[in-house]
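Inspection log for the structure reproduced underneath, given as structure tokens.
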Amino acid sequence: MTNYRFAPPYELPSFAFTPPPELQGGNPGRYPIVIVGAGPAGLTLACDLAQRGVRSVLIDEDNTVGVRGASSRGICYAQKSLEILDRLGIAERAVAKGVAWSLGRTFSGSEEVYSFNLQDHSVSTQPPFINLQQFYLEWFLVDRLQALGLTDLRWRTRVTQIETRNDHVRLQVDTPDGAYTLEASTLIDATGANSPIRTQLGLATHASRSTDRWCITDVRFTHPLPTERWTWVDAPFNDGRAVWQHLMADGVWRIDYQMPEDADPEAISQPEVAGSRLRAQLGPDVEFEFVWIGPYGYRDHLLDDFRVGQVFFIGDAGHVVSPFGARGGNTGMQDAANLGWKLALVEQGLAPDTLLDSYSAERRAACVENLQVTSRSARFLAPRSPAEHTLRRAVLALARQHPFARALVNTGRMSMANDYPPSACLPQGARSVQNLALPDRQGRPTALMHLLRQGTHCLGLWFAPTTGARAEAEARLRQTGLPARLVAIGGPEADLHDPDEVLARHLGLAPGDSAGTLCLLRPDAYLAATLPACTADTFIHALRVATGHAAALEPLTT
Amino acid sequence: MNTEPNIPDPDGFYAALVQAHEGLSEAASADLNARLVLLLANQCGQQAVLLACLHAAQEAAPATPT
């Protein structure tokens, strides 16, 4: 029997437990914002708040980064997530450590039947995707939190009980130094798929579990392969089942094998068994060492509401989908970015509490979409009946020759920033604006996310405003104290220039016809309103609507 | 969805369809039909019409399976 080699485990940081005031004779502290769970969603939210100058308490039961017992759960970070990281100041670090990619190829047998290039639709300064072990992402976020210095990080602290009161939530926690109680005016549940908080509140999750089984093999080898996302619908080297292959940081490949439905998780993850799968794929002569072998199944669930009183659910605590298309961790980070600025404005008294309701409305709609998209991929990958197998065979056979059928080949539709449907705060609905860089007055490139880095404000991207109109709008802004900053794109007093109209086109404006139009960007870089022939009045009204101060009494002009 | 006669040579088309299935196993026939459905769907190219056709096909199933 061959002896397979394992790489030494990753060396992860270890964070010390610091006894909080509550354990030093203090009364239960009352904190404006308590986040439970330091995974990608919880850390992103804490960091988003800290970047805005807002303090929070972040509680985690572990004392390190990553998922206990798993080498890395998430690996793919989407452009929108990277743009959020750019606003938080750590995108460069993540991109430098990770593996950027934009090209995906899908094979049936040994033939390519579908490919996509995400770069085709990108105008962002961030790549469409990077692959990076989840614990690195978390590590960078913790480092950033510590640098910002506004987050009370409480490691090795496990929530044992919560009690919702009228205007706050009381938490019992357990620590190495004993139990204590603290109070949160706003509680964020970011504890993940098995949330004890959600369970304790008795909320329906509408869960369903798939019988599809997979086994991850994280492995290092020297065999040269392209850094593209390769997927097989029916790989000849995996008994005609699906296989995923992509490269992460540190030269570690993640190869994910679909297994028979009745596969025994223990048997399929034996090093000898995993090794023979790899041998079949890589050939007899390639040397490799395992980093991690992990069998898994998947499930989905979705809460009816991501807000219950003063408790907000972000990330897997609120929603779980199958892994196809990287819509798990990315969705959690985007939940955080949606909620962060709203909490900041409400906390600072600059927006009413009702603005927080829009978090659930917008992000739940995104999750409904993600659930539909991922369920369709899962079904393509695991046909449930002879008829479904027949249909899939037909798609694959046609895709070898005919372009139209390639669009039906579905091994996952990659995570994109979801559009939001029309709502009280978004009468036109909203879509995410990419992180374009435009030259400023001195010709220096300025990325939109950098204009959103300081404080919490909307951006009024105003194409060639007249001097008078802008001065009036600035005066009204000062007078109302509404959180916004005006940026003139071209015109007599340009802050930024859009010489090739890349921004105008990206915002959906007709080329050559953008003068006078104002595009209102929220702090999370969603386009809240497009206002042609904008005046101070229409701008202030749109701003009030976007920040929850006013209902859109009359439809905003489109 | 157009349910009025639209095929120029109905008998000729039906004969070609039968001919294509001749000598095929049940599984191979099912595969052929599936490929044909996908090709025809792409010719139509209108989501609402495709869904109407799907519905009409379901509705036309005999009450008792034969």
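The values are calculated or read from the model by the stated rules, or taken from the named source; none is laboratory data. Keep in mind that what you see is a predicted model, and the values were worked out from it rather than measured. Neighbour counts are summed over all protein chains in view; Cβ atoms, including those assigned to glycine, are modelled from backbone coordinates with ideal geometry. We work out accessible area using only protein heavy atoms, side chains counted, and drop any ligands, DNA or RNA first. Shrake-Rupley method; radii C 1.70, N 1.55, O 1.52, S 1.80 Å.
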| remark: Those residues of segment A:278-315 which are small (Gly, Ala, Ser), in contact with a helix residue (DSSP H, G or I) (Cβ under 8 Å, 6 or more places away or on another chain) and surrounded by 18 or more Cβ atoms within 10 Å (Cβ to Cβ) amount to A:GLY315
| When only residues in segment A:106-115 that are surrounded by 20 or more Cβ atoms within 10 Å (Cβ to Cβ) and either among the polar types (S, T, N, Q) or outside any strand (DSSP E or B) (or both) count, which is nearest to the chain's Cα centre (by Cα)? | A:THR106
| request: Identify, by number, the condition in (1) out of contact with any strand residue (DSSP E or B) (no Cβ under 9 Å at 6 or more places or on another chain); (2) under 30 Å from A:ARG400 (Cα atoms); (3) in contact (Cβ under 8 Å) with a residue 60 or more places away in the chain that A:TRP139 doesn't meet. | output: (2)
| task | Being open to solvent by less than 80 Å² (accessible area, probe 1.4 Å), away from chain A (no Cβ under 11 Å), assigned to a helix (DSSP H, G or I) and within 21 Å of A:PRO386 (Cβ to Cβ) narrows it down to one of B:ALA16, B:ALA27, B:ALA57, so name that one. | result | B:ALA57
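Kindly state which strands (runs of 3 or more DSSP E) lie completely within segment A:1-100 and contain at least 3 residues that are closer than 20 Å to A:GLU347 by Cβ and open to solvent by 10 Å² or more (accessible area, probe 1.4 Å).
Numbers: elements: A:30-36, A:56-59, A:76-78.
The qualifying strands (runs of 3 or more DSSP E) are A:30-36.
Residue-wise test of (1) in a loop (DSSP other than H, G, I, E, B); (2) within 28 Å of A:LEU339 (Cβ to Cβ).
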| position | (1), (2) |
| --- | --- |
| A:LEU459 | no, yes |
| A:PRO465 | yes, no |
| A:GLU472 | no, no |
| A:LEU486 | no, yes |
| A:CYS519 | no, yes |
| A:ALA529 | no, yes |
| A:ALA542 | no, yes |
| A:ALA550 | yes, yes |
| field | Scan of segment A:384-406 for residues that are open to solvent by 60 Å² or more (accessible area, probe 1.4 Å), under 32 Å from the mean Cα position of the chain (by Cα) and facing chain B (nearest Cβ under 10 Å), ordered by number | value | A:PRO403
| task | Out of A:ARG213, A:ARG220, report the one residue that is surrounded by fewer than 16 Cβ atoms within 10 Å (Cβ to Cβ), among the basic types (Lys, Arg) and within 30 Å of A:GLY275 (Cβ to Cβ). | result | A:ARG220
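Condition check: away from chain A (no Cβ under 14 Å), surrounded by 11 or more Cβ atoms within 10 Å (Cβ to Cβ) and over 23 Å from A:VAL395 (Cα atoms). Does B:ALA63 satisfy that? Quick ask: steps written out before the conclusion?
Values: away from chain A (no Cβ under 14 Å): yes; surrounded by 11 or more Cβ atoms within 10 Å (Cβ to Cβ): no; over 23 Å from A:VAL395 (Cα atoms): yes.
So B:ALA63 does not fit the description; no.
Out of A:LEU148, A:LEU103, A:LEU137, A:LEU118, I need the residue that is aliphatic (A, V, I, L, M) and open to solvent by less than 30 Å² (accessible area, probe 1.4 Å). Which one?
Exactly one residue qualifies, and that residue is A:LEU137.
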| Which of the residues that make up segment A:407-431 are small (Gly, Ala, Ser), under 19 Å from A:THR530 (Cβ atoms) and either buried (at least 19 other Cβ atoms within 10 Å of the Cβ) or within 11 Å of chain B (Cβ to nearest Cβ) (or both)? | A:ALA417, A:ALA430
| task | Check segment A:453-462 and report whether any residue there is open to solvent by 10 Å² or more (accessible area, probe 1.4 Å), away from chain B (no Cβ under 14 Å), hydrophobic (A, V, I, L, M, F, W, C) and touching a residue at least 24 places away in the same chain (Cβ under 8 Å). | result | no
| task | Scan segment B:41-54 for residues that are assigned to a helix (DSSP H, G or I) and either under 21 Å from A:PRO386 (Cα atoms) or within 11 Å of chain A (Cβ to nearest Cβ) (or both) and report the count. | result | 4
